[in-house]
Amino acid sequence: MERLSENIVVKAGKNVKDFSEGDRVTVLGGPYSEYFEVKASSAVKVPGNIKLETVLGEPVACFMHAAKRFGIKKGERIAVIGCGFMGLGCLQLAKREGAGEIIALEPIEWRRKKALECGADKAINPSGLSPDAILRNFGEFDVIIEATGIQEAIDVSSVLVREHGRIILIGYHQSNDGIRSVDMRQWNYKAIDIINGHVRREDEKLDAMREAVSLEADGLLKMENLVSVYEFSDIEEAFKDLISRKENLFKAVLKLS
């Protein structure tokens, strides 16, 4: 759940040179409040041709930074496992990096449809299919982008990745206290690279956010259809819709009127 209070600068500190009253910005962090204070070093100006509700600083910066670790070479085969907000953002960036073929694995039909709109060549329902069955039908992949945060996705990734391929872990693994099991013999035999797609360095995150804003302004990153805006008074409805996985709801944004 993201918060949006129109992100307009109402006052700049006396030592702030790069921002002034009235500037449209996106920031790293920010509470559910009408006004809040943020360091100038955590903000990026938003061009006038972008809707503010689609420029979500923190999550967009996260998948933008992760893309810097994809290491995709032109023509490589990519599998994106999980087509929520993060997965679809990563999918678009993988396409931009020159992926030869992208196959999305997602059990929810409307998310598969959105994956195709975002650039996937195929979108398949993995439900009821074993990892080996998926491998037989679709072959191996050079890069696996795991964007679910569940054990099953790691299991599938380990089978589908080719020897000397790469698995990028984007999903936040919080269930079972984050504990996961892997077949290390399989990982060792395949000589694969396991890459943590997350970032904690604020300077790198800010650079990624700035780059994402630039791409969106140039029409190279499509966020508008991945964001649903709710009035703050409808916050309970927003959470219920997220929990029930309401159709076409990828990221809920609370707008403070």
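Say whether the condition of being within 22 Å of ASP218 (Cβ to Cβ), of a type outside the set (Val, Ile, Thr) and either at pLDDT 90 or above or surrounded by 11 or more Cβ atoms within 10 Å (Cβ to Cβ) (or both) is met by at least one residue in the stretch 29-42. Checking the stretch 29-42: not a single residue is within 22 Å of ASP218 (Cβ to Cβ), of a type outside the set (Val, Ile, Thr) and either at pLDDT 90 or above or surrounded by 11 or more Cβ atoms within 10 Å (Cβ to Cβ) (or both). Could you grab me the full set of residues in the stretch 216-228 that are in contact (Cβ under 8 Å) with a residue 40 or more places away in the chain and either of a type in the set (Gly, Ala, Ser) or closer than 17 Å to GLU58 by Cβ (or both)? Hits for the stretch 216-228 are GLU216, ALA217, LEU221, MET223, LEU226, VAL227. Name the one entry in GLY48, GLY75 that is modelled with pLDDT of 85 or more, in the same structural domain as GLU140 (by TED's automatic domain parsing), surrounded by fewer than 17 Cβ atoms within 10 Å (Cβ to Cβ) and out of contact with any Phe, Trp or Tyr (no Cβ under 7 Å at 6 or more places or on another chain). Exactly one residue qualifies, and that residue is GLY75.
Residues that are within 19 Å of ALA147 (Cα to Cα), touching a residue at least 12 places away in the same chain (Cβ under 8 Å) and of a type outside the set (A, V, I, L, M, F, W, C) within the stretch 184-210 comprise ASP193, ASN196, GLY197, HIS198, LYS205, listed in sequence order.
Within the stretch 100-125, being more than 17 Å from the chain's Cα centre (by Cα) and within 22 Å of ARG69 (Cβ to Cβ) holds for GLY100, GLU101. Note on the stretch 160-185: among residues that are over 24 Å from GLY84 (Cα atoms) and either among the aliphatic types (A, V, I, L, M) or surrounded by 13 or more Cβ atoms within 10 Å (Cβ to Cβ) (or both), the one that is modelled with the highest pLDDT is ARG162.
The values are calculated or read from the model by the stated rules, or taken from the named source; none is laboratory data. Keep in mind it's a predicted model, so treat the numbers as computed, not measured. All Cβ positions, glycine included, derive from the backbone under ideal geometry; neighbour counts span all protein chains shown.
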